[in-house]
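The values are calculated or read from the model by the stated rules, or taken from the named source; none is laboratory data. Quantities reported herein were computed from a predicted structural model and do not represent experimental measurements. For neighbour counting, all protein chains shown are included, and Cβ atoms are generated from backbone atoms with ideal geometry for every residue, glycine included.
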Amino acid sequence: MSSNIVVPYPSQDPVDEMDDALAKLRVLRVALIADSQKLFSMSTADAEHILADVLDQFDPIREFLAENTMRPSALEMSFLDCRRASLARAGGEK
C-alpha cells in the first residue's frame, strides 16, 4: 500500500514534511473508504504502518516549531538538524 522510497532526508523544509505527512493521511483515508465499500482490502497492519510513518514525521516538525517560535529573532536550530536529532532519538538513521 505505502511506497518504500528511501530518501536520507526527505526535505529541509517543515512545510514539505507536513505536506508529505498529509498526503499519507489522505491515502489512508481513501484506502479505508475503499475498504468499507469492499473495493479494496486494507489490513490493520497497513493502516498502522502509515500512521506510524506520519507520527514519526510530525514529531520533528512539532519540536522545530516549539523550539523556534519562542525566539523570533533567531532560530535555535535548523529544521534539518532537528530532523537528524529526532531520528537519532528514535534509534536510527534514514
The one condition Glu93 fails out of (1) modelled with pLDDT of 75 or more; (2) assigned to a loop (DSSP other than H, G, I, E, B) is (1)
Would you confirm whether or not the stretch 13-36 contains a residue that is modelled with pLDDT of 85 or more, surrounded by fewer than 12 Cβ atoms within 10 Å (Cβ to Cβ) and of a type in the set (Ser, Thr, Tyr)? yes
May I ask you to list the residues in the stretch 37-61 that are without any contact (Cβ under 8 Å) to a residue 40 or more places away in the chain, in a helix (DSSP H, G or I) and either surrounded by 13 or more Cβ atoms within 10 Å (Cβ to Cβ) or in contact with a Pro (Cβ under 8 Å, 6 or more places away or on another chain) (or both)? Ala47, Leu51, Val54, Asp56, Asp59
Counted residues in the stretch 44-69 being of a type in the set (S, T, N, Q) and within 22 Å of Gly91 (Cα to Cα) come to 1
